[in-house]
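Read-outs: derived from the displayed coordinates by stated rules, not from any lab. Worth saying up front: this structure is predicted, and the values here are computed from it rather than measured. Positions of Cβ are generated from backbone atoms using ideal geometry, with glycine treated the same way; all protein chains shown enter the neighbour counts.
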Amino acid sequence: MGSLSAGQVGIVGISTGGLLAGPAAGSVTITPSGSDAFVPDPHLDGCLVLPDKAVCSLTSLSAPGSLTRFIKVQPGSGASVPLHLVYDGAGVPKPDREHELSVPVDGGSLRAKYATEGPVTVAAAGANVVTCAAAAVGCTDAQHRMGPNQRNNGWPLVYVDDDGDPSTFDSAAATLALPAGAVPIHAELVWGGSVAGGSGGLPAPSLADLGAVVLRGPNGASVPVVGDVELSTTHPGDYQVSADITGLVTVGGQYRVSNVQTGTGESAFGGWSLQVVVSSPSLPVRVASILVGSSDAPGSGGSRSLPLGGFAASGVGAQITITSWEGDPGFGTETASAFGAPLVNADNPFGDIANSSIVGQSGMNGWGFDLDQFDLSGLPDPSGRALALTGSQDEWTVGAVAVVVPRAEP
Ligand SMILES: [Ca+2]
Ligand SMILES: [Ca+2]
Ligand SMILES: [Ca+2]
Ligand SMILES: [Ca+2]
């Protein structure tokens, strides 16, 4: 799922489709080799990770090719991760009981933090933490992506801070809308910004606190959240943090994130996104994965392909959710596609996906923060398991991608 990189934890998905001939019980024992290591994560269902192997239960396998298991893997130095699989159940011909698999280590930066298979979809909410000063001429228009100047580069931006709490220097809320009857099973909070500060502004208050924010959910309680900090290597001062906050997101409603470290002034940006995998019996069975890692789009021209990994997709009902940074509205031309389908919708015109739009806040300006969600009714190229980007001017950075796809049977 996503990319695997040497020394970085990612996720490998293993489908019984094509490996086992029929309905089965029992388990599959999977052994890593060389310098590769499995990493325990009780949050990934189905596999028990021991020091030298993983034992994956197949108890819910009722039909051929209908079950996928996921294991966290930290690749060593090899160009691929070889896996040895042994099935212990009865009723399967012996030649089908052992398999060797090899998963390439592609070195891409979008690595999986979570994956599951089930009746799932992804709900998302997010907000920007800087905006134009309310008293500035033209600010209201610009906040609605109207008027001559809508870019974060053209305004001395100030913090959004509407929580009435003097202990937080910035604070922005958004509403997480869940499908009826859906229950959250994984929640990933991503935040980021640019610490330097620009003309007319100040740097971020505390470089020591990039990895910490305060979250207030619908129950009204404020809780500190700490995540994994990733500093940009291509844009010094830019950073992104991701945190698994699954236990903190149990219902839909208003979520507020405060104290996102970012500077103010011209060219400032900052915000947060919440990508939540939810399960509901009324949804089709699909594979969902959440991939995190800063990947610059080809702002100066050309194209780039960010591997999404996973299985060949089939049918309809795929969905892709993208958190990205420093996209400018009305400034292109940049495009994105997945599975051969262009990623466009009412808030994301063709050629300007990086336009500071935020799902659930149609028409509003995220000032260099994008949270975009696309429902793909058809997949022109089901094997096109990559986020394909083109660009000519607008520099922007993909930070997190949630992918939901119906899995093709082999
Ligand atoms: Ca405040
Ligand atoms: Ca743009
Ligand atoms: Ca957008
Ligand atoms: Ca830009």
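At an R0 of 60 angstrom, the distance between the Cβ atoms of A135 and A79 translates into a FRET efficiency of 0.55.
Assuming 0.36 nm per residue, please report the length gained on full extension of the stretch L207 to V251 beyond their Cα-Cα distance. Don't skip to the answer; put the middle values down first.
Numbers: separation 44, 0.36 × 44 = 15.84 nm, distance 3.22 nm.
Full extension from L207 to V251 adds 12.6 nm.
Considering only alpha-carbon pairs that sit under 8 angstrom and 6 or more positions apart, the relative contact order computed for the chain is 18 percent.
Modelled spin labels at A6 and A221, positioned 7 Å past Cα toward Cβ, are 4.5 nm from each other. Average 1/r across all pairs of distinct alpha carbons in the stretch 362-410, invert it, and you get the Kirkwood radius: 14.0 Å. The stretch 139-175 and the stretch 337-410 have their alpha-carbon centroids 24 Å apart. For the chain, the calculated P(r), taken from all Cα-Cα distances in 10 Å bins from zero up to the bin holding the longest distance, is 5, 23, 32, 24, 12, 4, 1, 0 percent. The amide H of S357, built 1.01 Å from its N in the peptide plane, has G366, L371 as neighbours under 5 Å, considering only residues 5 or more places off or on other chains.
Counting only lysines at least 8 places from K113 when in the same chain, those with an alpha carbon closer than 30 Å to its own are K53, K72. Stretched out straight at 0.36 nm per residue, the stretch from L50 to H144 would grow longer than its current Cα-Cα span by 28.6 nm. Taken along the Cα-to-beta-carbon direction at a fixed 7 Å, the label points for S280 and R97 span 4.4 nm.
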